[in-house]
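The values are calculated or read from the model by the stated rules, or taken from the named source; none is laboratory data. Since this is a predicted model, take the numbers as computed values, not measurements. So basically every Cβ, Gly included, is an ideal-geometry build from the backbone, and we count neighbours across all protein chains shown. These accessible areas exclude ligands, DNA and RNA; they are computed on the full protein's heavy atoms, side chains included. Shrake-Rupley method; radii C 1.70, N 1.55, O 1.52, S 1.80 Å.
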Amino acid sequence: MSSINSSYVWVTPSLPQGPLSRRYSEDSQFFGQYHIIWKKRPFVVLLVFVSCAVGALLRTILKESNIPIIVILCLFGILLGLLGYFIKEFSILTEYIAEIDPLLFLHMFTPVIIFTAAFEMDFYIFRKSFWQILLLSVPGFLLNCTLIGWLTYKINKYNWNWHVSMLFGIILSTTDPILSVASVKNIGLSKIVINLIKGESLFNDATTAIVFELYRDLVSDQHAEFAKEVVIKLVLKFFGSTIFGFLSSRIVIYWLSHVFNDGLTEVILSFSMTYLIFFIAEWIGMSGVISLTVLGILLDSVSFSPGVDEFIFRFWSMLTFLAHVMIFIIIGIVIAVKSFPYVTIRDLFYILTLYLALNLIRGLVVMLLSPLLSRLGYGFNWRWGAVIVWSGMRGTFTLNMALGISQSKDPGTAAMKNMILLHAGTASVMTLMINSTTVKKLVTTLGLCNITLPKRMAMYSAVQRIKEMEANAFSMLKLDRFLADANWTMTEEAIKIDYPYKFDIEEVSQIVRTLKCPDCNTEISYETTPQQIADILEEARLRLLTSQIASYQKQYHTGMLNQDAAQTLIGAAESYVDIRGKFMNIHEVKTYWESKGLLVSCKKLLSDWVYNVKDEKSKPSRNKILKLCHHIVFMDEFEYTSYIITLLNFIPIVMDFMTYLDETYLRELKICNYYFIGLYILEASLKALAMRRSYIFHHWNQFELVIIIVGLIDIMIINVFKPLHPTYNTIKTIRVFRIFRLIRVLRLLKLVIPKLIYLLEKQINKQLTFRYDIAKGYVQGEEDTKYLIEQISGHETISKEINKIMEKNKQDAMKELGLMQRDYPDIVTAVKTKQAVQTVLNTATETLKVLISSGIVDKNEGAKLQKMILKKKKNLGTLPTTIAPPTAEELLHNISWLENEKNQIEFIQKKARLLSYDYGDVICEEHEMPQGIHLIISGMTKLYGSSPYYGVDKDVYEHRYPTRMPYTDYLVSGAIIGELNCLTKQEMEYTVTCETAVQTCFISMEHLFEAFDKFLECPSLEYKIWLKLALDITIKTFKENLAYQDWSYKMCTKLPNVYVMDVPTHSKWDIYDGTMDDVILVHGSVQDCQQLQPYFAPCILPKTCHQVQEIRLWQLKDNPLVCQSYEGLKCSSTISYYTRNPGGSL
């Protein structure tokens, strides 16, 4: 019995023959008198699922405890094996399990363990620490197994020889990549150390499999070609496996890229390809472990469709857990059945001695390698070494090789083989029972997962925010009529969230002390030491990188980033984690897309060689003969005839290189050569007569002349050397010129080069699209993270510093985007078009989800609609890679406040003027009155000056933001300059300069206000401009104040019910009257009539405010936020409402 999948049959004794024997035989298939309970059942299947159920039960009971489940499962397996000694029927099953084929064991469980471990690794950390991992897993492993083998040989009392001791050392030197990190990956230990442990285990397993096989062959199967065989195996297993894994990853990634939003297919693909690649690699003599390691490292969550990644991780985590459940139960049974008969009291002493030796030797090896490790990758220290030593858990590979030894036919006693199995199993159990349960304490003691004060402060801020939201929800629920009689005292007690870390409020005072200004009662914070500020800044930097990665993943999931760009940005962000004080910036991100210009140079070179007679057609001569030549040459048939002649010439050229044919048809081939040279000369003559002087300036014509000259020299050499006595030099010269005949075939490149240019152009466009996607994704990431800075930093000084850095990085990226739009407008337009389509389709998907969840649309109907939307998304790949940028007229039609208004567009077209500016020209300056609005048609402009005041008095604004940063932005085609200033007739707050040559569509203020007076029908033109500006300000305000919420879909649902109202002077205005969801002050300043609390644009008015009025001068004097009085202050306030119904009714 060599396969665990074979059906299980109970063995029955022979029976007497006769009529009764048949009945007895039938009855013996059942338990009892009745034919109900069968004896003949596949109990192996029952054992598998009982094992899974036991694993699930233990996981449920012991989830919060520190007891290793795997150890209990191994003991459960030993218990099952021991039952076989007392229950005869049960022994048949356990003995059957104990004879499991080691090769089947390897192919069943190893692919799951290896792929899961590699898939969870961080590629960029692995890349930097590769040499450290290699040093630990190859020289470190060899040293480790040699020392264990030597120690076993010296002190064991089993009389094992050197070869058996070395095999034993190899078996016990390998570690499990999943179990080794299971106890440390969620306790705050550095990802670098975790990846070192996991990477060492993965490569350790690969090295173990190779060394074990080679050493066993060395001991038992030497032959004359053994050395050659070893070299071939090493090349196949190390280099061949790596190449095979890389090619397999390319195939899998390509396949996944063509599976569109089908999570089930992607999961099945990842599962099946893992086993196929492992099987094929092992089958053809390579290392399946190395191939799967390369595959898993090169795949990541972004390799799969958006939303599938979480399911993929859960799927492989489940398989890994089930694999370990089955491995340790099976090994427990095998040890109980095979090894226990040979166990003595003395073996218990050896088990303990071996466990201590394994850890001491591993520690010695790491200590010896530490000088080299400290000079590679991320460096190394003794605390890392201690954790790496103690986390070396033995597992799958140790048990598999021991199982292989116990069932091998190699020379050796059964006692020796089963003792190896016993010690391998007990070593695995003891490392899990002792090391796994104490490694967390070791890490904590060494201070490798200490929660620093900045981390505790960040956690404190998070808990405070959660408590604040709980308090808001608690207050709102009290107004619910269905919950009015709830026990609110018990509820309040039940929702309390304790702070997870020990926190002393005095620690906060060491970093931030708050005082209050005696004049204005505002809080003033200052820091005590630069080192404390540096620590908080570093912690904030790491959290910002995490937020940026989350933004890139979100952009990928929504389809705004393609797979390559998302992987690049995520990898770039992860590479900054270990560089203290370094923020991600666009100048270094550029290195990921910058090419050396090879494709562009190739395209330019090939474009110079393109020959198209139609494009180069010149005026024919008046001479009849030359005119006839011109007519012939510029016919399509002439070109086709030229290609046919070249193809026909290829046949005798090939025959010239075949000795037998060359000697047989020497005269015929010679005549053919003359004939084709004559045709080439005729072709060149006709072209020269047709094109006259321009003939010689074309590259293809020059090339054809070279072919003719070489052909004539070839003929001359053959005829000159023919009468002479053939010598070696003569024959060599003739053969060289025969080789030159092959260049005639290159004439066919005239057909191929246009195709090559097309492919190169397509690849160049793809690279440029990738470049724009990265820059755009980076800018969006900076935008998303910007609104989280205050929550992440937790300190005013840190917040200002980070804001300054990120604003500069964002502006640099915006400039890069503008330059790309200037240089490649058609590509950028295509990318923007795809992103616009993707965004709208995402909104359609979200709307459909809401309709299905609310029961408005049936699930079957929803599935049909979802299929239609997915088809539209899939068709995005068919959109052209280049789209012509919109013209001035098209841009006018695209303006939101002119859309679909034919009369208004025609009026603006008549009044507008096209203006052109050169690089460095100033379009408008700060503090000057606006002359009109500019719609940018092409080029890029830079805005710099002060931040927009939004109608708030300048002195008040500067008092509220005394340290605000200078305002800088870049605008490209489609953007409008000066809308708000023209509407309010206020001076410009920024200067606009041209970064490139710029063309704008200018609409003067005179003509703009003339349009306002002319188009007064509701909604008026002026109102639509205000509405557009109000929406822009509202979205920005929501993002700043509610950064943790996704407002994209909410804005789409609220858009139809948005309107803008003015707060009249000298009057009060009611808000939140039951018809409004949100009220946003977008321009000016107002005051709460009840609480006298002032609000300045832009801000979200709280729902406790029910009536507002314009702020008066005398009110500002008494305002505690203003330190001095102002005269002549007048504000007009504009409020944007989100309502349930603009008409006022519900």
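Under a plain spin-label model, where a point goes 7 Å from the Cα along Cα-to-Cβ, how far apart in nm are Lys496 and Ile644? A separation of 9.8 nm, rounded to one decimal place.
Relative to the present Cα-Cα distance, how much length would full extension add between His258 and Trp131 at 0.36 nm per residue of separation?
Stretched out fully, the His258 to Trp131 stretch lengthens by 42.2 nm.
Among 1083-1089, 883-889, 70-76, 621-627, how do they line up by average Cβ neighbours within 10 Å per residue, starting with the highest?
Answer by packing, highest mean first, reads 1083-1089, 70-76, 883-889, 621-627.
Here the label points at Asp1077 and Val850, each 7 Å from Cα along the C-beta direction, are separated by 0.6 nm in the simple model. Label reach from Tyr85 (point 7 Å along Cα→C-beta): in region 311-348, amide nitrogens under 14 Å belong to 333-345.
If you plug the beta carbon distance of Lys902 and Met929 into 1/(1 + (r/R0)^6) with R0 = 25 Å, you get a FRET efficiency near 0.20. The largest accessible area among Arg693, Arg362 belongs to the first residue in Arg693, Arg362, and the rest follow in falling order (1.4 Å probe, all chains). The convex hull defined by the C-alpha atoms of region 836-898 has an orientation-averaged projected area of 6.0 nm². In this structure, the amide hydrogen of Glu989, modeled 1.01 Å from its nitrogen in the peptide plane, lies closer than 5 angstrom to those of His927, counting only residues at least 5 positions away or on a different chain. You can think of it this way: the chain between Thr833 and Leu368 has 161.5 nm of extra reach, that is 0.36 nm per residue less the Cα-Cα gap.
Rounded to the nearest whole Hz, the Karplus-based 3J(HN,Hα) values (6.51 cos²θ - 1.76 cosθ + 1.60, θ = phi - 60°) of region 782-787 follow the sequence 5, 4, 5, 6, 4, 6, with x at glycine and proline. Amide H contacts of Tyr967: Gly945, Ser946, Ser947, each under 5 Å away and 5 or more positions distant or on a separate chain (H built 1.01 Å from N in the peptide plane; Pro and chain starts excluded).
When Rg and the Kirkwood Rh are both derived from Cα coordinates, the Rg/Rh ratio for region 259-384 amounts to 1.10.
With distances taken between every two different alpha-carbon atoms, region 888-960 has a Kirkwood hydrodynamic radius of 15.3 Å.
Size descriptors for region 779-900: radius of gyration and Dmax over Cα atoms are 20.1, 55 Å. Annotation: Arg692 carries an accessible surface of approximately 110 Å², with a 1.4 Å probe and no ligand, DNA or RNA atoms counted.
Relative to the current alpha-carbon distance between Glu225 and Thr1104, full extension at 0.36 nm per residue lengthens the span by 307.5 nm. Rounded to the nearest 10 square angstrom, Leu1081 shows an accessible area of 0 square angstrom against a 1.4 Å probe. When Ser946, Ser916 are compared by accessible surface with a 1.4 Å probe, the order from highest to lowest is Ser916, Ser946.
Here the 3J(HN,Hα) profile of region 1014-1020, calculated from phi with Karplus coefficients 6.51, -1.76 and 1.60 at θ = phi - 60°, is 7, 9, 9, 4, 6, x, 6 Hz, Gly and Pro shown as x. A cut-off of 5 Å between modelled amide H atoms, ignoring neighbours fewer than 5 places along the same chain, links Asp921 with Cys994. Heavy-atom accessible area, probed at 1.4 angstrom with all protein chains present, ranks Tyr990, Tyr640, Tyr153 as Tyr640, Tyr153, Tyr990, highest first. For the listed residue pairs Lys766/Lys871; Lys766/Lys832; Lys198/Lys440, the alpha carbons are over 19 angstrom apart in Lys766/Lys871. Counting Lys and Arg as +1 and Asp and Glu as -1 over every other residue whose Cβ lies under 12 Å from the Cβ of Ala684, the net charge comes to 0. Using the Cβ-Cβ distance between Leu477 and Leu865 with R0 set to 60 Å, the FRET efficiency works out to roughly 0.95. Considering region 216-323 at the alpha-carbon level, its Rg and Dmax are found to be 17.1, 57 Å. In order along region 429-443, the phi-based Karplus estimate (6.51 cos²θ - 1.76 cosθ + 1.60, θ = phi - 60°) of 3J(HN,Hα) comes to 5, 6, 5, 6, 6, 9, 4, 5, 7, 10, 5, 5, 5, 4, 4 Hz; Gly and Pro are listed as x. Given a 1.4 Å probe and the protein chains as shown, Glu470 ends up with an accessible area of around 50 Å². Modelled spin-label separation between Glu889 and Glu213, with each label point placed 7 Å from Cα along the Cα-to-Cβ direction: 7.1 nm.
For Val343 and Ala53, what does the FRET efficiency come to when R0 = 25 Å and r is the distance between their Cβ atoms, rounded to the nearest 0.05? Numbers along the way, then the final one.
On the way: r = 30 Å, r/R0 = 1.19.
That gives a FRET efficiency of 0.25.
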